[in-house]
Amino acid sequence: MKTNREPVVVEQFHYDRTAPETAPKTDVQVNINEVTATGDGANEMMANGKIFQFTVPFEVVLEGFAVSGQRSDVTNHPNIGF
């Protein structure tokens, strides 16, 4: 299946040093939402199939540091028509 992907966008990214006694943690979520195109060319885009936004918020804590943030991208799936 051919898809048309937009570039990945890093919406948030942060890292910190943590205290040695901080417990390790891995929290990665994947959210998929169907979206509707707006603006110039919206009708053409919607006629070409479904559009989905993928967002991935995350928080990972390891020994000595933690990283957290969110990244997203938009993908057009022209062959999906349900």
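No lab work stands behind these numbers, since they all come straight from the coordinates. None of these values were measured; they are calculated from a predicted model.
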Exercise for review: Go ahead and estimate [θ] at 222 nm for the chain from helices alone: -39,500 (n - 2.57) per DSSP H run with n ≥ 4, summed, over the residue count, rounded to 500.
Suggested key: -1500 deg cm²/dmol
Practice item. Calculate how large, on average over all directions, the projected area of the Cα convex hull of the chain is; give the answer in nm² to one decimal. Key: 6.7 nm²
